[in-house]
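Comments concern the structure below.
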Amino acid sequence: MTLSIEKKIVSENEKFISIPYERVCNCKETALNCLTGKEWLKSQIGLWEFNYEKRDIRDKNKHPATYPIALAKKCIEVFSHEGELIIDPFVGSGTTLVAARDIGRNAVGFDLNQSYIDLAEERLGQLNFLGTNQQFPICDDALNIDQYIKPNTVSLILTSPPYANLLNRKRKNKSMRSDDRKNEQYLKVEQYSQDPRDLGTKNYEEYGEMLKEIYSKLLTLLKPKAHCVINVPDFWWENQRITLHITVIEALRSIGYEFRNTIIWDRRNIVNNIGIFGYPSNYITMGTTFEYLLDFWRPE
């Protein structure tokens, strides 16, 4: 089931959308998820690798930066139960919603860009659906999510937000081999939008302040000890490494989240034709080959 903002399910007497959020499995009350012991053990290794599938969006003309459905599924499986509620405050192409439908979770995603909401609805509409769970993409500012979702109902916040102003510049493709650099993306600005509310228009100082404002509201929606997972990389800007993952950690800690785990998304299997970057005088680890999955929770 999909939902655009003008069609959101709100009764005249209710402030919030009507969506289930309680688990429907038979797991122990204290269990974090529905995983078996063997699956839990495999998930404890802090280096995760994923492949894209046919349903993933890889066309950068549709969306410039997507993570695999498999990544979203893994996070949802580790940090929630069947039937519980997942929120993605920067839903983009809708990958989190697709993964939630695949494995029986309810989910709501938000984005400023109506074209991305339309894409998310299109993707959900292509899926066979026999379950009772619901997935809603809504076009609105992440600052307004608390107007839709009841406090203490969310079991997981999962997202890959805009990476500050990383995309808001002409693409040079420096990490690619020289003969591959001048592809169709060369010198393009692939930014999501130039809306001043867009995190992708901010430098990393402004970015941290906006994260505080957004995530302080989201904190009240989480159940106690429910998790929040943020996918983010570091990047280079004017020959300096911008430690965006530290900005995210400091911002969320300052407003009451507890930082729990660092997981590395090993992207080497999906990165092709890597060039020599910085050789021979400036050693730089190739940021395209890994990203962070930062895991927080709401303390009791």
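Any read-out appearing in this document is the output of simple, stated calculations on the displayed coordinates, not a laboratory observation. If you're wondering where the values come from, they're calculated on a predicted model, not measured in any experiment. Cβ placement follows ideal geometry from the backbone for every residue including glycine, while neighbour counts extend to all protein chains displayed.
Fully extending the segment from PHE277 to THR289 would add 3.1 nm, taking 0.36 nm per residue of separation and subtracting the current Cα-Cα distance.
In terms of surrounding Cβ atoms within a 10 Å radius of their Cβ, ASP295, ASP141 rank from fewest to most as ASP141, ASP295. Take each peptide in 247-260, 149-162, 15-28, count the other Cβ atoms within 10 Å of every residue, and average; sorted highest first, the result is 149-162, 247-260, 15-28.
Each peptide in 65-72, 235-242, 214-221 was scored by the mean count of other Cβ atoms within 10 Å over its residues; highest first, the order is 65-72, 214-221, 235-242. For GluC sites (Glu not before Pro), the sites in the range 28-66 that DSSP calls loop and that have at most 14 other Cβ atoms within 10 Å are GLU29, GLU53.
Extension gain, ASN128-CYS27: 0.36 nm per intervening residue step, less the Cα-Cα distance, totals 33.7 nm. Counting every other Cβ atom within 10 Å of each residue's Cβ, LEU85, LEU294, LEU41 order from fewest to most as LEU41, LEU294, LEU85. Counted residue by residue at 0.36 nm each, then reduced by the alpha carbon distance between them, the extension gain from ILE246 to LEU35 reaches 73.0 nm. With neighbours defined as other Cβ atoms within 10 Å of a residue's Cβ, the residues ILE284, ILE276, ILE230, ILE263 order from fewest to most as ILE276, ILE284, ILE263, ILE230.
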